[in-house]
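The values are calculated or read from the model by the stated rules, or taken from the named source; none is laboratory data. Keep in mind that this is a model prediction, so the values were computed, not measured. Note that we place each Cβ from the backbone using ideal geometry, even for glycine, and neighbour counts take in every protein chain shown.
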């Protein structure tokens, strides 16, 4: 017979626990006295043992009845937290009995004193129960109990039970307790909150797949996935769902709708944000925290959605290793994991390498909606916002603006804002203005974003250069107070602008320093492709530059112009219209740089080719010199991650002394040497490094002589 509810189940657990305690106490009370006659002692011992066997049989039958009623509750779809937890983690009877004893004080405070009495008052830390009580209560299951308490068993692995520091599993001494979160869950008081350092956000599941503005191909994909889920459950298959597309909000809605139809909810785990909490910790510690999150996700029937990935070659090795640890840990227990705009190839390769059980990686790519779908989205928005649009207006919106659903929603919200105060054109014309503004701010046609996680500690610079770099950051962080609050803006034209010039040989850290400035200021960094900006057609260059600076200003980003000498080279005598136009281009760019209210960084390898007349325009001019031998030694050491296996014969000091190379060259050599070592199945050794140095010398047109790379008496 199934349990009516959780209260009935817990009452039955208490009756079983009472029987356990009574059996143990009876065994102690009827023990023969040491001075009793031998015949009397023998008869008492025989009767005691027979009664003990009868009690054990009664307890065994009571547990069998409990298990039968649990199975009946499962068949009846009656939700009992204990049963759900035991099934998820496949707990044995011994493990469940151990969990029961740990739960007793939460069911009735009197049990704590009873268990202390059973353990003969063995001292344990506050809120812990003595393990020796378990030994007395479950005497016949000693080996099973020891196995249940091992660190790799489900009770410890999933933090169901916690041992007192110094507890001894083999001797069953020390204290143990039930995780307080699980105690509340099993008692039916509160469900676990999914969290790492803070509670994770849960996605709304109010919509169905039929309500979403997606194409039929995507809708069909979701339907086929749902059809396969039931058949896949029997063989233990897990799934990594990779959702890719430009509209992340729509991807989240699709995910919530898919799992909402399975009576599951989704919670968002921001990978990049959590990465900051994992820096400097061992992967084992990260796995422990994530495993606790996985446990609670299983108990609450939640699906973890991974977002905020740092994808592509700019991602650090540390981040990639960390994200792999995250996914491996999730795949251990979660039947469904969702990755939102993650590194597709890397995640797929990791799934293929996973050997814990069968995992399939499935990809749903939602591209920009086509014209017909965009028209339907605009139409739905018009009805929602009370703005009737003619067919010609709908067609213009759908055809001219390749927006995602989220961008269309944002356009409607912007229109609502403008409607309040703007007395300009009609609503339809105003909506077109909103869309044009949004379109201009969405793409950088002549710049690419540079994403890194570099900080000041990652770069190797001489003290003077580092001092200048720190002063730049100080200037950037305090200029708003000086300009706005202290009134310098009134007397200093273009005081909001921060323009600087980095100069020095190639590979000395100019680009890295630019990324550090952007990261320290929490701004995006965009490198401008001057080849795309410059145009042989009169008027086009200014147009490109105007668009670039307008967009950059709206987005508040750091602009980085590499090879600036191509625009700011020494001026020659103006002989023809081409020369005059080149000067106009330069003048216009200078004007936009000086009026840009953000950070602009220009970089050149050829300071001598820069026109001195332009130098006064820069607030900072910073040299990145060729690294000294000591700096090269630090660069060699930083070029290899901690995980890279290094041979004892590697001599970074020798390489620094004998190979005058920049940081960029050293980075190339380190990577090539690691590839050589991996191909040889060895640690990275000096032989691999010298082979890589030789290849880099070939690229630089330098002569390589292996015998030069040795210490001599005069060194």
| message | When the residues of the stretch 1-13 are narrowed to those that are in contact (Cβ under 8 Å) with a residue 24 or more places away in the chain and assigned to a helix (DSSP H, G or I), which ends up surrounded by the fewest Cβ atoms within 10 Å (Cβ to Cβ)? | response | 7
| message | Residues to consider are 692, 629, 674, 639; find the one that is touching a helix residue (DSSP H, G or I) at 6+ places or on another chain (Cβ under 7 Å) and over 21 Å from residue 510 (Cα atoms). | response | 692
| message | Here are the criteria: (1) under 30 Å from residue 252 (Cβ atoms); (2) modelled with pLDDT of 85 or more. Tell me which single one residue 205 does not satisfy. | response | (2)
| Which of the residues belonging to the stretch 230-246 are within 30 Å of residue 407 (Cβ to Cβ), in a loop (DSSP other than H, G, I, E, B) and modelled with pLDDT of 85 or more? | 245
| Answer residue from the stretch 117-134, given it is out of contact with any strand residue (DSSP E or B) (no Cβ under 7 Å at 6 or more places or on another chain) and modelled with pLDDT of 80 or more and is surrounded by the fewest Cβ atoms within 10 Å (Cβ to Cβ) among those | 126
| Residues 177, 159: which one is touching a helix residue (DSSP H, G or I) at 6+ places or on another chain (Cβ under 9 Å), more than 16 Å from residue 125 (Cβ to Cβ) and not in a helix (DSSP H, G or I)? | 159
| Residue ranges of helices (runs of 4 or more DSSP H) in the stretch 96-152 with at least 1 members within 17 Å of residue 86 (Cβ to Cβ) and assigned by TED's automatic domain parsing to the domain that holds residue 170 | 142-148
| task | Those residues that are loosely packed, with under 15 Cβ neighbours inside 10 Å, modelled with pLDDT under 90 and outside any loop (DSSP other than H, G, I, E, B), I need them from the stretch 608-637; list them, please. | result | 608, 609, 612, 613, 615, 616
| For the stretch 196-228, which residues satisfy the criterion of being over 25 Å from residue 367 (Cα atoms) and out of contact with any helix residue (DSSP H, G or I) (no Cβ under 7 Å at 6 or more places or on another chain)? | 198, 199, 200, 201
| said: Which of the numbered conditions does residue 383 fail, given that it passes all the others? Conditions: (1) touching a helix residue (DSSP H, G or I) at 6+ places or on another chain (Cβ under 9 Å); (2) surrounded by fewer than 17 Cβ atoms within 10 Å (Cβ to Cβ); (3) without any contact (Cβ under 8 Å) to a residue 40 or more places away in the chain. | reply: (1)
| Test: residue in the stretch 476-499 that is modelled with pLDDT of 85 or more and either under 23 Å from residue 523 (Cβ atoms) or in contact with a strand residue (DSSP E or B) (Cβ under 6 Å, 6 or more places away or on another chain) (or both) | yes
| query | For the stretch 454-468, how many residues meet the condition of being surrounded by 18 or more Cβ atoms within 10 Å (Cβ to Cβ) and either in contact with a helix residue (DSSP H, G or I) (Cβ under 8 Å, 6 or more places away or on another chain) or modelled with pLDDT under 90 (or both)? | reply | 4
| message | outside any helix (DSSP H, G or I), touching a residue at least 24 places away in the same chain (Cβ under 8 Å) and surrounded by fewer than 20 Cβ atoms within 10 Å (Cβ to Cβ): is that true of residue 304 in this structure? | response | no
| request: From (1) touching a residue at least 60 places away in the same chain (Cβ under 8 Å); (2) touching a strand residue (DSSP E or B) at 6+ places or on another chain (Cβ under 6 Å), pick out the condition that doesn't hold for residue 404. | output: (2)
| Selected residue [within 23 Å of residue 326 (Cα to Cα), assigned by TED's automatic domain parsing to the domain that holds residue 329 and either assigned to a helix (DSSP H, G or I) or in contact (Cβ under 8 Å) with a residue 24 or more places away in the chain (or both)] from 217, 207, 252 | 252
| query | Does residue 581 fit the bill of being under 20 Å from residue 614 (Cβ atoms) and at pLDDT below 60? | reply | yes
| Hey, residue 589 in the same structural domain as residue 497 (by TED's automatic domain parsing) and modelled with pLDDT under 90 or not | yes
| request: Can you tell me which residue among 364, 373, 394 is within 25 Å of residue 218 (Cα to Cα) and not in a helix (DSSP H, G or I)? | output: 364
| task | Output yes when any residue across the stretch 419-426 is in contact with a helix residue (DSSP H, G or I) (Cβ under 9 Å, 6 or more places away or on another chain) and either at pLDDT 80 or above or under 30 Å from residue 632 (Cα atoms) (or both), and no when none is. | result | yes
| Number of the exception - residue 400 against (1) within 21 Å of residue 526 (Cβ to Cβ); (2) at pLDDT below 80 | (1)
| Can you tell me which of 102, 86, 72 is modelled with pLDDT of 90 or more, surrounded by 16 or more Cβ atoms within 10 Å (Cβ to Cβ) and out of contact with any helix residue (DSSP H, G or I) (no Cβ under 7 Å at 6 or more places or on another chain)? | 102
| Any residue at all in the stretch 661-669 that is assigned to a loop (DSSP other than H, G, I, E, B), over 27 Å from residue 477 (Cβ atoms), touching a helix residue (DSSP H, G or I) at 6+ places or on another chain (Cβ under 9 Å) and not assigned by TED's automatic domain parsing to the domain that holds residue 540? | yes
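Results for (1) surrounded by fewer than 17 Cβ atoms within 10 Å (Cβ to Cβ); (2) under 20 Å from residue 505 (Cβ atoms), shown as yes or no for each residue.
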residue	(1), (2)
650	no, no
653	yes, no
656	no, yes
663	no, yes
679	yes, no
685	no, no
704	yes, yes
710	yes, no
| said: Suppose we filter the stretch 14-40 for residues that are at pLDDT below 75 and either surrounded by 15 or more Cβ atoms within 10 Å (Cβ to Cβ) or under 22 Å from residue 115 (Cα atoms) (or both); how many remain? | reply: 6
| Given (1) in contact with a strand residue (DSSP E or B) (Cβ under 8 Å, 6 or more places away or on another chain); (2) modelled with pLDDT of 70 or more; (3) surrounded by 14 or more Cβ atoms within 10 Å (Cβ to Cβ), where does residue 471 come up short, assuming only one miss? | (3)
